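Student: Let me begin by handing over the structure; questions about it come next.
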């Protein structure tokens, strides 16, 4: 898997789960074997490195699980990206938790990972202790990208070009993302905070994107754009902490405020000056607030709600909300 080389590993074991179609899904697990579980879901195009600061903070008391989506990081390539849905990724998460021996967890998602964790709750409510959607939308993210009407047009254009001439796009991206000036351009564009983001934390992201097939990125964005968890929000019954970035260009702050307002038991954390990469810009603030949220809202050992027949409710596979 892809981790910064500057720090010692926080995980105690790595493993591989299998998706329904046989795709290998790589994961890493740290913390005490009997600790409460935090399960982290990435944004599209990102491997697990954005979670390192959180994992380093929580593995003294919690199990922390990170994993790579299909065709990302250490996971295998999925055979048919064009049919991929957010529901498939939520099922992949369940398979990873099974392989890691985690029955029930606090589920965290960054960026597109917000949609993954909401869909996971929709399909596996009995396995969800609490939800922490961070810096992401609850559905159709291209509609609000850059908080402008151009978002859907950018996606449609990129999808058309990237799926027709993927090799040409891949060569161009690899050349540009590995240029020495890319870091400075990233800072000045506002995609990360120019003073709070560290080059050594952003470099793994740029390198991962340089190695990623652009069709993978585009098909995942297509899957996210086809997904809308909005109707689910009023029916969420677990404690929820929504994290918003004041300067998030990818997910406007008001979307997180709206999400928190539509979820009955939700709390909102707004990161001052936080960009879409606030996880690596202000990890101390996020970790302190998350620790407080867990302490006040998540009861250790609480049993999952059973269906009327006394069994765990099971998802209807292949559906998407």
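Bear in mind these aren't lab numbers, they're just calculated from the coordinates by the rules spelled out. Remember, predicted model here, so these are calculated numbers, not experimental data. Please note: Cβ atoms are built from the backbone with ideal geometry, for glycine as well, and neighbour counts cover all protein chains shown.
Student: Based on other C-beta atoms within 10 Å, arrange 147, 195 from fewest to most.
Tutor: 195, 147
Student: Roughly speaking, what is the centre-to-centre gap between segment 72-139 and segment 46-63 when only Cα atoms are used, to the nearest Å?
Tutor: 17
Student: Can you sort 294, 271 by how many other beta carbons sit within 10 Å, fewest first?
Tutor: Listing 294, 271 from fewest to most nearby Cβ atoms yields 294, 271.
Student: Taking 0.36 nm per residue of sequence separation and subtracting the Cα-Cα distance, how much length would be gained by fully extending the chain between residue 21 and residue 284, in nm to one decimal?
Tutor: That works out to 90.8 nm of additional length.
Student: Hey, another quick one. Could you put 51, 10, 67 in order, starting from the residue whose Cβ has the fewest other Cβ atoms within 10 Å?
Tutor: Lowest to highest Cβ neighbour count: 10, 51, 67.
Student: Which of rounded, prolate or oblate describes segment 13-297 when judged by the alpha-carbon gyration tensor and an a/c cut-off of 1.5?
Tutor: Since a/c stays below 1.5, the shape of segment 13-297 is classed as rounded.
Student: Between segment 247-293 and segment 214-232, what's the alpha-carbon centroid distance in Å?
Tutor: 21
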